[in-house]
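The values are calculated or read from the model by the stated rules, or taken from the named source; none is laboratory data. Treat the numbers as computed from the prediction; the structure is a model and nothing was measured. Cβ placement follows ideal geometry from the backbone for every residue including glycine, while neighbour counts extend to all protein chains displayed. These accessible areas exclude ligands, DNA and RNA; they are computed on the full protein's heavy atoms, side chains included. Shrake-Rupley method; radii C 1.70, N 1.55, O 1.52, S 1.80 Å.
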Amino acid sequence: MPLTSDAPAADAPERAGPPPTEAPALKVVPVRHPARWAAIALTAVVLAQFAHGLVTNPGWEWGVFAQFFTTETILRAVGTTLQLTLYGTALGFLLGLVLAFMRLSDSPFLKTVAAGYIWVFRAVPLIVQLLFWFNLAYLYKRIDIGIPFGPGFFSFDTVNLVGAMSAAVLGLALHQAAYAAEIVRGGVLAVDDGQLAAAAALGIPRLRQLRRIVLPQAMRAILPNAANEVISLFKGTSIVSVMAIGELFYQVQVVYGRNGRVVPLLMVATVWYVLLTGALSVLQHYIERHFAKGATR
Amino acid sequence: MSAMVDIRSVTKSFGSVEVLRGIDLTVRTGEVTVVLGPSGSGKSTLLRTVNHLEKVDSGQVSVDGQLVGYRRSGDKLYELRERDILKQRTHIGFVFQNFHLFPHLTVLENITEAPVAALKRSRKDAEAAARRLLERVGLADKADAYPRQLSGGQQQRVAIARALALEPKLLLFDEPTSALDPELVGEVLDVIKDLAQQGTTMIVVTHEIGFAREVADTVVFMDDGRIVEQGPPSQILDAPRHERTRAFLSKVL
Ligand SMILES: Nc1ncnc2c1ncn2[C@@H]1O[C@H](COP(=O)(O)OP(=O)(O)O)[C@@H](O)[C@H]1O
Ligand SMILES: [Mg+2]
C-alpha cells in the first residue's frame, strides 16, 4: 500500500478522537543546480565561438566546399566508398560466420584453423595486407583450378583476376572476417545453453536450430559490435587510397592536388563521412529494434 | 502391459565424477513414474539419457522397443547420425525446470516450430493444433504473447503444450515446478495430473510429494547415482525400507 498522508483519513471518515487538522497546501520547491547552469553557459559560449569561427574565418572557403560537395567526381567517389564498404562487410561477415562456427565446432582441427586465421589477420595491419593483395600477381603468376597438387583444368592470370578494386575488396573482407568471427562467436556464446537443449529435445534439425533459434538471439549481442565494425570499415576504406582506387578520400586528394584548396576539400570528405555514418546509425537503430522482439530491454 | 522405457545398467561419468552408477528402470506404457532424490543424485542426468541429450558411457536405453541413440547390428552398437537422433527425440517430449521457451518467438510460434521444422507439418495445421493445445492448458488467449510477458506458471504450461505438439509417446519432466513461486505450482501440476489421467506415459522428477502420492504408479528414490528403492507410492512414501529414503522424506515432507 502506498504511504500517503491523506489516504487513511479518506478511508476512515468516522474515526474517533480529535478531528484531523486541515492539511495545509504546500508548495514544492525543486532543488537548484547552480553548477549545472554555469556549465551550460560555458559550453554555449564555446559552441557559439566555434560556430562563429566556422562562418567568419575565410580559411574554410565554404564557396569551394559548396562547389565540390556534389560534383560528379565526388559523388562517384562516394559510390565507390559505399561499394567497398558493402562488399567488404558482406563478404567479411559471411566468412566471419563460417570461421565462428568452425571455432565453436567440436573438431580440434577446424578450431585451430579458425583460431590461426583470426590470429594472423588481426595481426597484419590492413594496409600491409592490401599491398600484398595488390601485388599478388608477383607471388602467384597463375591460379589453376583442378585436382589439389595435381593437374589443373582452368587457369587464370592473376594480373587480370585481381584488379585493384577486387584486391581492395578481398583485403577488406579478409581483414573484416577475423573481427566478424569473434563478434559472431561472442554473440552465439551469449545465448543460453538451455535454448540449444530445448531445440535439440524438440528434434529441430541442426541448421534450423542455428538459423531460427540461436542466431536471432545472438543478433542482439552481435549488432552493436557489428555496427561499430561496419562504421570503422566505412572509414577504413580511405586506406585503399594507397592503391589509387577512386574512393572518396583518394578523390579529394586528387582534386586538392590540382587546385590546392586542401581545407575545403577535406571538409567535403569529412561531411560525407559524417552524414553517411549518421545514416548507418539510423539503420542500426531499426535493425536492433527488429531483433529486440520479445525482449524486455 | 509392455515397457515404454527400458533402462539397463546405465552408467555415466563427467570427468572423474561417476554420476550414474548402474541404473536399471522400466516404465510401462500408460504409467507415471516419479523420481525423487536429493540434489546432485543424478536425476536430471538420468532423464537426459532417455532422449539422448546425454550419452551413456555403458548400458542401454530403449524407448518403445527402439534403442535410443544407437543401432544394433549383431553384437555391435553403431552410434546414430545426429539426424536420426533428432528424429527419435520427436517421439519424446521434454519439459525443463527453467522452461527454455524461445524468447524471440511468440507463444504460438514456440509451439508450432518443432511440428513445422521436424515433422514437416503445414503451418496451418500446426497452428490449429497449437491453439487446441493452448486451450487444453488454459492459455487460449496468450497465443500472440511473448514468453517474457507471461508468469512462470504460464510459461511452463506453454512449454508443456510445446512438448505435446509433437504428439510424443513419452513425456519427461525435470522438476517442472521447482522454478515457480509457490502459488503458481498448482496450475502446472494440474495440467500434468490431467495428462496422467489420460494415460500419458511419463517420468517426472519432482520434490512434490503430494503430487507423487496422487498420480504416481511407481516412485523411484535415487541417491548418489543409484536407485535406492522403488515401488508403489504407498510403500516408498509411507513405509520406506532404506534409511536414506527415510532421511530424505523427513526433509522434504
Ligand atoms: N554437464 C555436466 N558436466 C559436469 N558435471 C555435471 C554435468 N551435469 C551434471 N553434472 C554433475 O552431475 C551430478 C548429478 O547432476 P544432476 O543429474 O543434475 O543431479 P540432480 O538432477 O539429481 O540434482 C552433479 O554433481 C552435477 O554437478
Ligand atoms: Mg536436476
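Restricting attention to the stretch A:209-223, which residues are open to solvent by 50 Å² or more (accessible area, probe 1.4 Å) and free of Cβ contacts under 8 Å to residues at least 24 places away in the same chain? If the condition is that a residue be open to solvent by 50 Å² or more (accessible area, probe 1.4 Å) and free of Cβ contacts under 8 Å to residues at least 24 places away in the same chain, then A:Arg211, A:Arg212 are the ones that fit.
Note on the stretch B:29-55: residues that are touching a residue at least 24 places away in the same chain (Cβ under 8 Å), away from every other protein chain (no Cβ under 14 Å) and within 12 Å of ligand 2 (Cβ to nearest atom) total 8.
Of everything in the stretch B:65-109 that is part of a helix (DSSP H, G or I) and over 30 Å from B:Asp141 (Cα atoms), the residue that is nearest to the other protein chains (Cβ to nearest Cβ) is B:Leu86. Quick one: in the stretch B:198-239, of everything that is surrounded by fewer than 21 Cβ atoms within 10 Å (Cβ to Cβ) and within 15 Å of B:Leu164 (Cα to Cα), which residue is nearest to ligand 2 (Cβ to nearest atom)? Only one residue fits best here, namely B:Thr200. Residues being surrounded by fewer than 16 Cβ atoms within 10 Å (Cβ to Cβ) and within 14 Å of chain A (Cβ to nearest Cβ): count how many of those fall in the stretch B:120-150. Here the count works out to 5.
Which one is least open to solvent (accessible area, probe 1.4 Å), of the residues in the stretch B:26-48 that are more than 10 Å from ligand 1 (Cβ to nearest atom) and over 11 Å from the mean Cα position of the chain (by Cα)? Give the derivation first.
Taking the stretch B:26-48 as the starting set, the residues that turn out to be more than 10 Å from ligand 1 (Cβ to nearest atom) are B:26-34.
Subsequent filtering for residues that are over 11 Å from the mean Cα position of the chain (by Cα) retains B:26-31.
Numbers: B:Thr26: 78, B:Val27: 1, B:Arg28: 112, B:Thr29: 45, B:Gly30: 29, B:Glu31: 34 Å².
Top of the filtered list is B:Val27.
Each residue in the stretch B:8-25 was checked for being away from ligand 1 (no atom under 14 Å from the Cβ) and either aliphatic (A, V, I, L, M) or open to solvent by less than 10 Å² (accessible area, probe 1.4 Å) (or both), and 1 of them qualify. Checked against (1) small (Gly, Ala, Ser); (2) open to solvent by 30 Å² or more (accessible area, probe 1.4 Å); (3) within 12 Å of chain A (Cβ to nearest Cβ), B:Ala114 meets all criteria but (2). Flag: B:Leu195 does not match the condition of being in contact (Cβ under 8 Å) with a residue 40 or more places away in the chain and either open to solvent by less than 10 Å² (accessible area, probe 1.4 Å) or away from ligand 1 (no atom under 16 Å from the Cβ) (or both). Just to be sure before I move on: is A:Val242 within 22 Å of B:Ala117 (Cβ to Cβ), more than 16 Å from the chain's Cα centre (by Cα), open to solvent by 10 Å² or more (accessible area, probe 1.4 Å) and more than 14 Å from chain B (Cβ to nearest Cβ) in the structure I sent? Taking the combined requirement at face value, the residue does not satisfy it. Which count do you get for residues in the stretch A:109-150 that are modelled with pLDDT under 85 and not in a helix (DSSP H, G or I)? The number of residues fulfilling the criteria is 12.
Determine whether B:Ala118 is within 17 Å of A:Ala198 (Cβ to Cβ) and either more than 16 Å from ligand 1 (Cβ to nearest atom) or of a type in the set (Lys, Arg) (or both). Against the criterion (within 17 Å of A:Ala198 (Cβ to Cβ) and either more than 16 Å from ligand 1 (Cβ to nearest atom) or of a type in the set (Lys, Arg) (or both)), B:Ala118 qualifies. Evaluation of B:Tyr70 against the conditions (1) within 16 Å of ligand 1 (Cβ to nearest atom); (2) free of Cβ contacts under 8 Å to residues at least 12 places away in the same chain shows that the sole unmet condition is (1).
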